[in-house]
Amino acid sequence: MTEVLERLTSAGQQKGFRKATLKQYAATVRLFRQLVGVTDIREIRQVHLSRFVDLMAAIPKSLGKREGDGDLDLETILARAKPLPMSEIGLSVSTMNGHLTRLERLIVRARLDGIDLPHRLEFKGLKNTEKRRPRDRRSTFSEKEIGRLFRHTIWNGCAGRKRRNKPGRLVIRDGL
């Protein structure tokens with residue numbers, strides 16, 4: 001994987017890719033090696049990709065931010081995640097999808113470089129389409145809340161244009 005990464009980085013520099021983008025490719029390769037243990041791109045199987053996704057959802061969000069994190073083995077990483085609250089475990093959907101996209105591009109680059117990859121790898125089903133975190137998703141209204149909303153005077157009649165919150169007989173149809 002290192003050779004493919006070096007060629008992709010070289011080509012990326014020639015095409016004017018940002019340094020940060022090229023660093024992300026290196027981080028993806030490091031994380032894949034660290035979690036799955038595969039170092040040769042020709043040895044990657046579909047099961048490795050699935051495992052990568054599962055493990056990215058099980059590791060601490062802070063992995064890689066401390067010095068020495070890159071030297072930890074999988075067992076230590078997962079042990080470090082155990083005592084953490086669920087809110088601190090698992091990479092975000094966009095981060096996971098980014099790692100998968102970069103890994104997919106590395107595999108495409110390997111094929112373009114003439115490296116014979118014996119297995120057809122599928123990434124489509126591995127990527128999560130939900131971009132928002134669960135805490136940011138809007139909850140649906142309860143029946144009680146809907147009932148309260150539609151009992152409001154703007155739906156059932158108000159006292160006038162300037163007194164819409166006071167009950168009355170006037171229903172104003174102005175899109176409010």
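Quick look at the values:
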| read-out | value |
| --- | --- |
| Size of electric dipole in the chain: Cβ of Lys, Arg +1 and of Asp, Glu -1, about Cα centre, debye, nearest 20 | 1820 |
| Student exercise, region 86-173 dipole from Lys, Arg, Asp, Glu Cβ charges, in Debye to nearest 20 | 1200 |
| Partner lysines for K61 [C-alpha distance under 30 Å; skip if fewer than 8 residues away on the same chain] | K19, K23, K82, K124, K127, K131 |
| Fewest-first sequence of S92, S142 by Cβ atoms within 10 Å of each Cβ | S142, S92 |
| Options (1) 17.8; (2) 20.1; (3) 16.3 - which one matches Kirkwood radius over Cα pairs in Å as calculated here | (2) |
| Euclidean distance of C-alpha centroids, region 1-69 and region 91-123, integer Å | 10 |
| Where GluC sites (Glu not before Pro) fall in DSSP loop in region 20-90, at most 13 other Cβ within 10 Å | E67 |
| CD proxy at 222 nm, helix term only [per DSSP H run n ≥ 4: -39500 (n - 2.57); per residue of the chain; nearest 500] | -14500 deg cm²/dmol |
| Rh by Kirkwood over Cα pairs, then Stokes-Einstein D for region 1-43 at 1.306 mPa s and 10 °C, µm²/s | 147 |
| Leading residue at positive end of dipole, region 2-136 (Cβ point charges), from L91, P60, H48 | L91 |
| Where labels lie 7 Å past Cα in the beta-carbon direction, separation of S50 and T129 in nm | 2.1 |
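Every read-out reported here was derived from the displayed coordinates using simple, explicitly stated rules and does not represent laboratory data. Note that the coordinates shown come from a computational prediction; the quantities given were computed from them, not determined experimentally. Note that each Cβ is placed from the backbone with ideal geometry, even for glycine, and that neighbours are counted across all protein chains shown.
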